[in-house]
Ligand SMILES: [Mg+2]
């Protein structure tokens, strides 16, 4: 079932498009520094930013990283779960750094990504990522409690961040309200994106048209897929959906004719999903990264 995009096309001057980066605009890769946006993504975002009120990337990555990878102006970037430009005391993070490093050094295949204001331990390369993940989560939770830090679990990563970290939901709410958006689209693939989905629920209760898109891969948590209005297959599926947003929604001949709603009209309350090719059972939604 294809989601009806016409409300957002019609309201494009008052619609914001918020997108996660890893697993959403780029495929998940072995190490974060190897990630690249899909080739089609930057020009598409650039086109969208010219007609929509806002196109924004909301990520756990540092903003400068996203800006470098996209190489675009006109697309807003909110890095570090909204922590950048937000007053936060990072001294507790720094005080925990050595202990967190020690945890990463004890687990084979794990490594520490020090983002300055947060500390992420990745375990994708561990011989048994499930076992490694459980042990890392347990130890990092203890450290977080001692230092008063937040624990953020993502795809094959556990991260410690200052308690003031706004999170993706707070960023989406703040930007949508500040800009008086009438439409809001969010796409993500991981646990941290659930907060943004909750923000869209809140905006919807305030009369905003919303669309929650889960970008599905083998590691996408079940909760995210269940909470979504539409599910696309990987970043390339999202690019297709965003391409459709750029089209004219006016009825009649021409491009608009392709956009006649195939799903429930006027509402995204139903879940639109295409079966995952060859899938028999969903993988265990173990904690995961944004
Ligand atoms: Mg992600």
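Coordinate-derived values only; no laboratory data. Everything numeric in this text was worked out from a predicted model, so none of it was measured. A quick note on method: Cβ atoms are made from the backbone with ideal geometry, for glycine too, and the neighbour counts reach across all protein chains shown.
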Per-residue Cβ neighbour rank within 10 angstrom, fewest leading, 147, 122: 147, 122
Förster radius 30 Å - calculated FRET efficiency between residue 205 and residue 101 (Cβ-Cβ, nearest 0.05): 0.10
For the stretch 159-204, shape from the Cα gyration tensor axes a ≥ b ≥ c, cut at a/c of 1.5 then a/b versus b/c, turns out oblate
Cα shape, the stretch 123-216, gyration tensor, a/c 1.5 rule: oblate
Neighbour-count order for 67, 138, fewest beta carbons within 10 angstrom listed first: 138, 67
Helix 193-205 sits off the longest principal axis of the Cα atoms of the chain, rounded to the nearest 10 on a 0 to 90 degree scale, by 40
In Å, the Kirkwood hydrodynamic radius of the chain over pairs of distinct alpha carbons? 19.4
In the chain the DSSP beta bridges are antiparallel at a rate, in percent to nearest 5, of 40
Length gain on complete extension for the stretch residue 243 to residue 36, per 0.36 nm per residue less the alpha carbon to alpha carbon distance? 72.6 nm
With Cα coordinates, the longest principal axis of the chain makes an angle with the long axis of helix 41-51, in degrees rounded to 10, of 50
Choice from 27, 159, 98 showing the highest fluctuation, given a GNM over the chain with Cα pairs closer than 10 Å: 98
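Under the √(5λ) rule applied to the eigenvalues of the Cα gyration tensor, what semi-axes describe the equivalent ellipsoid of the stretch 1-76? Give them in Å, descending.
Values: eigenvalues 112, 41, 21 Å².
The answer is 24, 14, 10 Å, longest axis first.
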Say each of residue 128 and residue 114 gets a label point 7 Å from the Cα, pointing the same way as Cα to Cβ; how far apart are those two points in nm? 3.1
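Let me have the 222 nm mean residue ellipticity of the chain computed from DSSP H runs of 4+ only, each contributing -39500 (n - 2.57), with the sum over all residues rounded to the nearest 500. Spell out each step's value before the answer.
Numbers: 9 runs with 103 residues, N = 290.
Counting only the DSSP helices, I get -11000 deg cm²/dmol.
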Could you tell me the calculated FRET efficiency between residue 13 and residue 151, based on Cβ-Cβ distance and R0 = 45 angstrom, to the nearest 0.05? 0.70
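Would you list 101, 197 from fewest to most Cβ contacts within 10 Å? Intermediate values should be presented prior to the final figure.
On the way: 101 15, 197 22.
Placing the least packed residue first, the sequence is 101, 197.
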Taking a ≥ b ≥ c as the square roots of the Cα gyration tensor eigenvalues, with a/c under 1.5 meaning rounded and otherwise prolate when a/b beats b/c or oblate if not, the stretch 64-141 comes out oblate
